[in-house]
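Please treat every number below as a calculation from the coordinates, not as lab data. All values reported here derive from a predicted model rather than from experimental measurement. We place every Cβ from the backbone using ideal geometry, glycine too, and count neighbours over all the protein chains shown.
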Amino acid sequence: MQDIQDQGSHNDYSPQVVESAAQQYWNARGAYEVKEDPSRPKFYCLAMLPYPSGALHMGHVRNYTITDVISRYQRMNGKNVLQPMGWDAFGLPAENAAIKNNTAPATWTYKNIDHMRDQLKSLGYAIDWSREFATCRPEYYRWEQLMFTRLMKKGLAYRKNAVVNWDPIDQTVLANEQVIDGRGWRSGALVEKREIPQWFLKITDYAQELLDGLDTLPGWPDAVKTMQRNWIGRSEGLEIHFAVEGEAEQLTVFTTRPDTLMGVTFVSIAGEHPLALKAAKSNAKLAAFLDELKHGGISEAELETQEKRGMPTGLYAIHPISGEKVPVWVANFVLMGYGTGAVMAVPGHDERDFEFAHKYRLPIKQVIAVDGADAEYDPQHWKEWYSDKTRADMRVVNSGDLDGKSYREAFDFLAKKLEAGDKGVRRVNWRLRDWGVSRQRYWGCPIPVIYCPKCDAVPVPEDQLPVVLPEDVAFSGVQSPIKADPAWRKTTCPQCGGAAERETDTFDTFMESSWYYARYTSPGAQGQVDERANYWLPVDQYVGGIEHAILHLLYFRFYHKLMRDAGMVKSDEPATNLLCQGMVIAETFYRENADGSKDWINPADVEIHRDDKARVVGAVLTSDGKPVQIGGIEKMSKSKNNGVDPQTMVEKFGADTVRLFSMFAAPPEQSLEWNEAGVEGMARFLRRFWREVTTHVGQPDHPEVDPAALDAGQKALRRQLHETIQKVSDDFGRRHAFNTAIAALMELLNALGKFTDQSDQGRAVRHEALETMVLLLNPVVPHVSHALWQELGHPQRVLDDQPWPKVDADALVRDSLTLAVQVNGKLRGTIEVAAHASKEEAEALARALPQVAAFLEGQAVRKVIVVPGKIVNIVAG
């Protein structure tokens with residue numbers, strides 16, 4: 001490494017010089033390339049892989065710094081640590097950018113990867129770059145194609161019709177986020193619902209295991225596990241069959257509340273239901289309504305919020321118990337893709353059904369009440385009487401033989417009755433739906449299927465994989481290049497040898513991110529993984545945003561079980577511990593236009609005026625000196641133009657300062673408010689630390705610490721040092737409370753700044769403290785730690801291989817203690833007592849305090865309470 005003194009003044013800290021030298025040293029030695037080593041405990045630390053959007057944002061910096069701090073800490077504790085990095089490189093944003101920039105998605109993606117890799121390296125992360133991959137490369141995605149063909153053969157991958165958003169102008173399927181106010185994001189055309197063939201993976205076959213497995217993950221946040229439980233949505237109920245007057249086909253519904261069966265006053269069906277389509281053939285108004293429904297949304301969120309609309313089909317269902325006729329209505333909130341496409345409507349006890357029935361003047365019948373309720377049925381009580389089926393005071397009413405029964409009693413009664421008459425059956429139902437993996441887009445992994453007029457859908461033979469996506473294409477965004485290219489599409493059937501065509505859909509990008517963690521363990525493997533996977537897996541610490549709590553983390557768990565069942569891995573779950581970091585937020589600034597719109601101004605272009613507490617009190621645009629409006633503090637985003645470029649911050653303050661602020665400003669699970677004044681504060685701390693070390697090494701040599709020879713002041717500093725080791729170790733290792741660990745180190749530096757003892761033992765204690773601080777700070781600020789370790793007299797080395805400091809238990813022992821003295825619960829002073837002083841000695845010293853003695857004069861002491869090591873409370877009066 002370049003000698004520190006070459007930086008100019010011996011006490012000057014130059015981040016650029018220090019960071020460049022440290023990174024050159026690490027790179028030259030392949031410091032973070034790791035191999036399997038059965039003689040050492042392993043630690044696999046992984047951050048969710050980034051999408052190569054073009055540049056890092058502060059959310060990336062926070063995410064990867066958290067992971068890096070944990071990785072370096074674990075390595076210093078003797079673990080064999082793997083921290084890899086790759087790129088989640090397929091997906092819709094690349095297509096959008098390609099259209100905007102008139103380029104190919106591959107060109108845009110690879111350029112971004114190169115830039116973002118350089119940015120990550122500038123931050124000094126301890127990443128094993130030898131394992132890097134991009135998911136858009138054939139050498140990666142060929143293995144998920146192989147897995148898919150094998151799942152087809154096992155019946156776990158299948159094709160069926162599903163409803164999608166269809167843009168009739170662009171002739172393409174749209175993701176939900178591409179539908180804006182019911183119109184296609186590019187064409188502006190009204191979006192239609194269209195049923196097309198799609199590929200699915202049978203995640204529902206693993207629903208119970210995915211649910212039960214959550215109980216084996218104590219290292220995952222409860223919030224994530226709750227969201228997954230709700231998404232999986234296990235429910236026990238009855239599947240009930242309603243005959244339809246004049247029709248051979250029955251209507252089948254599933255309900256978790258069969259106790260309300262006698263409250264059914266109509267049945268709702270989806271617009272795509274066969275009975276609805278049949279009825280529309282002779283009903284022009286209904287046919288027109290079904291055509292309107294084709295423009296509705298297909299997401300659950302949209303269905304919940306849209307206006308409830310419906311139309312009668314003219315059909316009547318026969319109630320399976322009473323035999324009464326109930327009308328069958330088409331409703332826009334029922335979809336064929338969810339359940340059976342039919343719902344028994346109980347408007348007396350369901351908010352959505354009540355809204356629909358009230359709008360169309362359909363009957364509403366109360367069938368649930370609570371004991372002792374005097375008031376007659378009121379719609380406002382439906383939640384109170386229905387929401388908790390375990391209520392002991394809830395009873396069925398107005399339901400014949402069910403009257404007076406509890407939920408459980410009614411459930412069992414109806415189950416027996418309906419099963420005996422072949423009108424129903426007990427079922428466990430799941431909210432979880434099979435994973436639709438088809439995407440009608442170009443920039444994705446080709447689905448390895450060939451369509452033959454004679455043999456139907458045939459998996460591509462394993463020796464013909466990968467099916468390679470052409471990258472050098474012209475892309476307009478209207479039609480996929482592989483759909484438009486007959487040379488790519490046309491092939492021969494591997495079974496009969498006849499003319500055939502390839503599948504032109506590509507995989508959902510969640511496919512690539514569901515197994516990437518496993519590929520890191522086995523670079524170059526001739527298969528998805530090899531035997532190295534079982535050394536590294538499961539991941540010991542996974543770090544990423546809570547926005548991925550459901551889909552990514554659920555598919556991640558599911559795919560791991562698929563690999564386990566294929567004999568690739570032995571573990572049941574992919575990650576033992578999960579940390580979900582909060583978002584990065586920042587101030588916003590704008591100027592308002594005449595029409596009321598806002599021009600958002602980047603904080604980098606604004607000069608901020610602050611008060612003496614660093615609060616923003618005003619701001620002006622740097623370019624013209626005129627005021628700008630101060631908006632709220634919001635998540636960094638392009639829409640509010642409040643993102644801060646990490647590269648600019650690294651160039652201005654250094655990577656270590658940016659890392660330090662990212663870890664200090666907030667606990668990792670909470671939002672971090674970006675504040676440049678706070679960043680400057682971190683820069684000052686590092687400069688102070690640098691000066692403290694370089695000033696110390698310029699003084700006479702020091703002897704070893706002799707605990708027996710220390711005076712009170714030396715003991716106090718050494719005790720604070722070892723208390724800090726204890727706290728930082730726990731904060732880094734168990735609590736992941738990096739902010740409080742850094743605060744403790746700042747307090748220690750303040751104590752060192754006040755410690756002026758230049759005796760031999762004074763310098764020895766100072767040296768021990770400075771060496772220890774370098775080691776404790778190394779996970780957060782590795783560049784400056786690398787430099788200062790040498791300045792303190794050690795040879796150059798990868799500091800992560802230096803053992804983590806150990807607590808000296810003897811140093812924690814106090815010779816004396818400070819106790820608070822209270823009289824009748826009010827603080828009157830403090831006393832210093834020997835650590836092993838008796839209660840009598842503590843009481844005597846407390847009574848002797850002048851302010852206590854004065855207060856007690858003329859009063860009888862009724863009781864003295866001594867809490868060892870804390871307080872003496874004298875009760876008088």
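Computed over segment 236-417, the P(r) curve from all C-alpha pair distances, binned at 10 Å from the origin, holds 9, 37, 35, 16, 3, 0 percent per bin. Against the chain, whose longest principal axis is taken from its Cα atoms, helix 655-664 shows a tilt of about 80°. Using only Cα atoms, find the angle between the long axis of helix 138-154 and the longest principal axis of the chain, and express it within 0 to 90 degrees, rounded to the nearest 10. Rounded to the nearest ten degrees, it is 50.
Within the chain, what is the longest stretch that has no chymotrypsin sites (Phe, Trp or Tyr not before Pro) placed in a DSSP loop and near at most 16 other beta-carbon atoms within 10 Å? Walk me through the numbers on the way to the answer.
Details: sites that count: 185, 338.
Of all site-free stretches, the longest is 339-877.
Report, to the nearest 10°, how far helix 407-420 tilts away from the longest principal axis of the Cα atoms in the chain, using its own Cα long axis and a range of 0 to 90°. Approximately 40 degrees, to the nearest ten.
Going from the residue with the fewest nearby Cβ atoms within 10 Å to the one with the most, 836, 295, 722, 349 rank 836, 295, 722, 349.
The candidate values are (i) 1.19; (ii) 0.96; (iii) 1.50; the one derived from this structure for Cα Rg over 2.2 N^0.38 Å carries the label (i). Got a sec? Charge dipole of the chain, +1 on Cβ for Lys and Arg, -1 for Asp and Glu; which of 725, 515, 82 is way out at the positive end? Ranked along the dipole, the leading option is 515. Calculation over all alpha carbon pairs of segment 816-876 in 10 angstrom steps from 0 returns a P(r) of 25, 61, 14, 0 percent.
In whole Å, what is the distance between the alpha-carbon centres of segment 120-169 and segment 588-625? For segment 120-169 versus segment 588-625, the Cα centre distance is 43 Å.
Label separation (residue 740 vs residue 234): 3.5 nm, computed from points 7 Å beyond Cα along the C-beta direction. Each 5 Å bin from 0 upward holds the following percent of the Cα-Cα pairs of segment 168-222: 4, 15, 17, 10, 9, 9, 12, 13, 9, 3, 0.
Return 71, 130 ranked ascending by Cβ neighbour count within 10 Å, so the fewest neighbours appear first. Spell out each step's value before the answer.
On the way: 71 29, 130 12.
So the residues, fewest neighbours to most, are 130, 71.
How big is the antiparallel share of DSSP beta bridges in segment 236-417, given as a percent to the nearest 5?
On the way: 20 of 23 bridges.
Antiparallel bridges: around 85 percent, rounded to the nearest 5.
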